[in-house]
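The values are calculated or read from the model by the stated rules, or taken from the named source; none is laboratory data. Please read these numbers as outputs of a predicted model, since none were measured by experiment. With ideal geometry, Cβ positions are generated from the backbone for all residues, glycine too; neighbour counts draw on all protein chains shown. Heavy atoms of the whole protein, side chains included, go into the accessibility calculation; ligands, DNA and RNA do not. Shrake-Rupley method; radii C 1.70, N 1.55, O 1.52, S 1.80 Å.
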Amino acid sequence: MSDTYDTDVLIVGSGAGALTAAVTAAHGGARVLVVEKSDRYGGTSAMSGGGIWIPASENARRRGAEDSAEEAFLYMKTMIGDQVSDQRIRTFVEAAPEMLDFLQQNSHVRYEAIPYPDYYSEQPGAKRGYRTQSPRVFNGAKIGDDMYDMREQPPGALAQGRYTMSIPEARKFLTQTPGWRLTLLKVVIAYYLDMRGRLKGRRSRRLTQGNALVGTLYLSAKERGVELWLNAPMVSLESADGRVTGALVEKNGHATRVEAKKAVILAAGGFENNEAMRRQSLPKPTSADWTASQEHNVGDAINAAVKLGAKTDLMQHAWWIPVVHVPGWPRAMGIFAERSLPGLVIVNKAGRRFANEALPYLESGHAMYEAGSVPSWVVFDSAFRRKYPFGPLGPGWATPDEYLPGKVKKLLVKANTVGELAASAGLDAGGLEDTIERNNRFAETGVDTDFHRGDSYYDQYYGDSRNKPNPCIARIGEPPFYALPLHPGDIGTKGGLLTDENARVLDQSDTPIAGLYAIGNTSASVMGDKYVGAGATLGPAMTFGYVAARHLTGNRK
Ligand SMILES: Cc1cc2nc3c(=O)[nH]c(=O)nc-3n(C[C@H](O)[C@H](O)[C@H](O)COP(=O)(O)OP(=O)(O)OC[C@H]3O[C@@H](n4cnc5c(N)ncnc54)[C@H](O)[C@@H]3O)c2cc1C
């Protein structure tokens with residue numbers, strides 16, 4: 001016997017797209033139920049930087065930045081080509097700023113446009129800042145104890161694995177821009193001044209990044225009467241007369257038939273943790289150990305919709321990123337920005353570079369596959385190790401080698417000469433020695449004649465501006481030398497259910513399946529195989545969550 005539950009809108013998953021849809025639909029007068037498979041709400045969205053790519057926003061205008069939907073369309077179209085319909089791209093560029101305005105006026109969500117350049121900053125229509133938006137710091141105490149049910153940020157997103165930091169603060173610490181020590185001190189002091197928070201435990205209530213985004217959305221949804229069930233996986237979709245009518249949900253292990261009068265929105269992430277689906281669709285080699293996303297995204301919603309005849313697209317693509325996989329650690333660590341710092345090279349087995357290290361992370365992942373370089377190795381010296389963090393390594397000034405966790409020590413190769421380092425890592429010694437010598441010449445001239453590292457505006461954004469003449473290239477020469485293996489991992493897959501411009505799921509003949517919407521990584525990305533700027537996964541997830549909710553509540557044609 002199963003229980004029954006009746007609502008207007010059933011939303012499967014509780015990431016940022018799901019909660020944006022929930023707030024919007026509830027604002028439009030609908031009764032909303034969100035079901036979440038795990039015992040935590042927020043999904044990978046809560047673990048993320050919370051950055052969203054929103055062109056032509058009011059926030060940007062306030063910062064004096066000029067932008068338009070037309071320029072954003074040109075940029076996206078130039079990069080994505082015909083992989084995605086013009087209607088979807090157009091809907092995105094027009095609805096994204098509308099979605100952000102809606103949230104800022106009707107919820108606790110607050111963003112600031114930041115000078116983060118688009119990833120392909122030299123392309124037509126690209127901007128050198130202010131499309132990417134960073135969540136403003138939010139006081140988690142306002143959420144009460146429910147805050148502790150939100151998925152936590154991974155340690156790599158916290159200063160010293162403990163202190164929360166906004167995206168601009170994180171950049172300041174990484175690139176050591178003037179004033180970074182004072183900012184770090186303020187962040188640390190804020191942590192210890194929250195006495196009540198400290199009595200409750202280690203977790204900071206100064207919410208930043210993905211926790212600020214999800215926390216504000218959660219609170220707004222709760223205030224609007226949205227119901228959220230944890231430990232409640234959707235098992236299958238239900239349909240009658242060609243229309244999706246609800247789903248079978250296992251609430252705390254008990255089968256519950258949820259009837260959704262208006263629609264079901266699938267927002268259950270991608271399939272990055274499903275080893276069989278990865279092997280079937282993604283380039284090889286591949287492994288679920290290489291994803292930085294949370295473990296419950298295994299393609300449930302994609303598979304349930306395919307059973308009803310839904311069409312999929314872009315299944316061979318992921319939001320690629322080089323990762324460090326520390327065996328025994330729960331999640332791989334994405335190397336988002338450290339690759340732009342001066343004083344490292346990334347090489348293949350022959351000890352040779354194969355790409356610009358500072359490439360946007362999706363392109364870096366592509367490059368590893370194209371060069372057949374899996375794993376690749378990052379190599380740096382003691383000067384780099386002392387100054388900068390890299391993946392699981394805090395900067396040596398704060399975390400000397402002897403204080404590194406045992407599993408990290410085991411993975412890190414260290415030697416007194418480049419030749420010995422190559423031998424220990426299984427790389428060609430002659431090749432690596434040549435590469436370092438060549439890198440050191442580039443460090444002097446400031447010009448990387450092989451792969452143009454540091455040429456683009458984006459490369460320089462995460463470089464060290466104090467390092468002259470090129471903020472992304474420095475001499476490698478101070479022993480001991482270090483190497484770490486890198487794998488082409490991901491922060492989620494980007495293939496999924498094909499949707500129209502209203503986020504409705506399409507069937508094999510490209511006709512919308514009545515009552516069924518998909519957003520976020522459950523849907524095939526509006527970005528095609530590209531990543532046009534920081535926030536290009538969450539921006540569309542939230543925008544199409546907003547679009548779907550407006551459409552099903554009759555507030556959109
Ligand atoms: C460290 C890190 C930093 C990142 N930073 C950024 C950033 O700054 N900007 C950006 O745009 N992107 C960023 N990303 C990527 C971004 O977080 C993801 O692409 C995005 O969160 C995907 O959203 P989603 O809603 O599709 O999935 P999720 O946020 O993962 O939500 C899916 C939810 O569905 C649940 N679920 C799965 N199956 C079921 C089921 N059967 N029933 C019910 N619930 C189910 C899951 O448990 C999960 O909670 C980052 C990722 C990582 C790992």
**Asked** Here are GLU250, GLU259: which of them is away from the ligand (no atom under 14 Å from the Cβ), in a strand (DSSP E or B) and modelled with pLDDT of 95 or more?
**Response** GLU259
**Asked** Looking only at the stretch 93-103, which residues are touching a helix residue (DSSP H, G or I) at 6+ places or on another chain (Cβ under 6 Å) and among the hydrophobic types (A, V, I, L, M, F, W, C)?
**Response** VAL93, ALA95, ALA96, MET99
**Prompt:** Looking at (1) touching a Ser or Thr at 6+ places or on another chain (Cβ under 8 Å); (2) among the small types (Gly, Ala, Ser); (3) crowded, with 24+ Cβ neighbours inside 10 Å, which is the one condition that is false for ALA21?
**Reply:** (1)
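From LEU421, LEU432, grab the single residue that is in contact with a Phe, Trp or Tyr (Cβ under 7 Å, 6 or more places away or on another chain) and more than 24 Å from GLN123 (Cβ to Cβ). Walk me through it before giving the result.
Numbers: LEU432 fails: in contact with a Phe, Trp or Tyr (Cβ under 7 Å, 6 or more places away or on another chain).
Just a single option satisfies the conditions, and that option is LEU421.
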**Message:** Exactly one of these conditions fails for ASN106: (1) more than 16 Å from the ligand (Cβ to nearest atom); (2) crowded, with 24+ Cβ neighbours inside 10 Å. Give me its number.
**Reply:** (2)
**Request:** Could you tell me whether THR537 is under 19 Å from PRO360 (Cα atoms) and near the ligand (Cβ under 9 Å from one of its atoms)?
**Result:** yes
**Prompt:** All but one of (1) polar (S, T, N, Q); (2) open to solvent by 30 Å² or more (accessible area, probe 1.4 Å); (3) within 16 Å of the ligand (Cβ to nearest atom); (4) over 14 Å from GLY15 (Cα atoms) hold for ASN521; which doesn't?
**Reply:** (4)
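Table: residues versus (1) closer than 15 Å to ARG162 by Cα; (2) away from the ligand (no atom under 16 Å from the Cβ); (3) not aliphatic (A, V, I, L, M).
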position: THR177; (1), (2), (3): no, yes, yes
position: LYS186; (1), (2), (3): yes, yes, yes
position: TYR192; (1), (2), (3): yes, yes, yes
position: ARG198; (1), (2), (3): yes, yes, yes
position: GLY201; (1), (2), (3): yes, yes, yes
position: ALA221; (1), (2), (3): no, no, no
position: VAL226; (1), (2), (3): no, no, no
position: ASN231; (1), (2), (3): no, no, yes
position: GLU238; (1), (2), (3): no, no, yes
**Request:** For the stretch 19-32, name all the residues that are touching a strand residue (DSSP E or B) at 6+ places or on another chain (Cβ under 7 Å) and either assigned to a loop (DSSP other than H, G, I, E, B) or within 6 Å of the ligand (Cβ to nearest atom) (or both).
**Result:** ALA30, ARG31
**Asked** Got a sec? Which of ALA46, ALA72, ALA60 is farther than 26 Å from ALA157 by Cα and either free of Cβ contacts under 8 Å to residues at least 12 places away in the same chain or surrounded by 23 or more Cβ atoms within 10 Å (Cβ to Cβ) (or both)?
**Response** ALA72
**Message:** With the structure loaded, tell me whether ARG40 is open to solvent by 50 Å² or more (accessible area, probe 1.4 Å) and basic (Lys, Arg) or whether it fails that test.
**Reply:** yes
**Asked** In the stretch 341-361, how many are within 16 Å of the ligand (Cβ to nearest atom) and either in contact with a Cys (Cβ under 8 Å, 6 or more places away or on another chain) or of a type in the set (Phe, Trp, Tyr) (or both)?
**Response** 1
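Tally the residues that are of a type in the set (D, E, K, R) and within 6 Å of the ligand (Cβ to nearest atom), restricting the search to the stretch 33-55.
Keep residues of the stretch 33-55 that are of a type in the set (D, E, K, R), which gives 36-37, 39-40.
From what is left, the residues that are within 6 Å of the ligand (Cβ to nearest atom) are 36-37.
So the answer is 2.
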**Message:** Anything in the stretch 437-476 that is in contact (Cβ under 8 Å) with a residue 24 or more places away in the chain and under 16 Å from THR177 (Cα atoms)? List them, or say none.
**Reply:** ASP459, GLN460, TYR461, TYR462, GLY463, ASP464, SER465, ARG466, ASN467, ASN470, PRO471, CYS472
**Asked** Can you tell which of ALA288, ALA310 is free of Cβ contacts under 8 Å to residues at least 60 places away in the same chain, at negative phi and in contact with an Asp or Glu (Cβ under 7 Å, 6 or more places away or on another chain)?
**Response** ALA288
**Complete:** Of the residues in the stretch 220-247, those that are modelled with pLDDT of 95 or more, closer than 23 Å to GLY496 by Cα and of a type outside the set (Lys, Arg) come to ALA232, PRO233, MET234, VAL235, SER236, LEU237, GLU238, SER239, VAL244, THR245, GLY246, ALA247
**Prompt:** Name the residues in the stretch 201-232 that are buried (at least 22 other Cβ atoms within 10 Å of the Cβ), in a loop (DSSP other than H, G, I, E, B) and not small (Gly, Ala, Ser), would you?
**Reply:** ARG205, THR208, VAL226
**the stretch 233-258 - residue that is surrounded by fewer than 18 Cβ atoms within 10 Å (Cβ to Cβ) and among the polar types (S, T, N, Q) and, of those, farthest from LEU538 (Cα to Cα)** = ASN252
**Fill in**
In the stretch 298-314, anything open to solvent by 20 Å² or more (accessible area, probe 1.4 Å) and within 16 Å of the ligand (Cβ to nearest atom) is listed as VAL298, ASP300, ASN303, VAL306, LYS307, LEU308, THR312, ASP313
**Asked** Got at least one residue in the stretch 148-163 being more than 20 Å from the chain's Cα centre (by Cα), within 20 Å of GLY51 (Cα to Cα) and open to solvent by less than 30 Å² (accessible area, probe 1.4 Å)?
**Response** no
**Message:** For the stretch 334-451, give me every one of the strands (runs of 3 or more DSSP E) that falls completely inside it and has 2 or more residues that are open to solvent by 10 Å² or more (accessible area, probe 1.4 Å).
**Reply:** 413-415
**Asked** Looking at (1) closer than 12 Å to ILE265 by Cα; (2) open to solvent by 10 Å² or more (accessible area, probe 1.4 Å); (3) within 14 Å of the ligand (Cβ to nearest atom); (4) touching a strand residue (DSSP E or B) at 6+ places or on another chain (Cβ under 7 Å), can you tell me which one ALA503 breaks?
**Response** (2)
**Request:** Those residues that are touching a Phe, Trp or Tyr at 6+ places or on another chain (Cβ under 8 Å) and either surrounded by fewer than 24 Cβ atoms within 10 Å (Cβ to Cβ) or more than 22 Å from ALA541 (Cβ to Cβ) (or both), I need them from the stretch 259-270; list them, please.
**Result:** GLU259
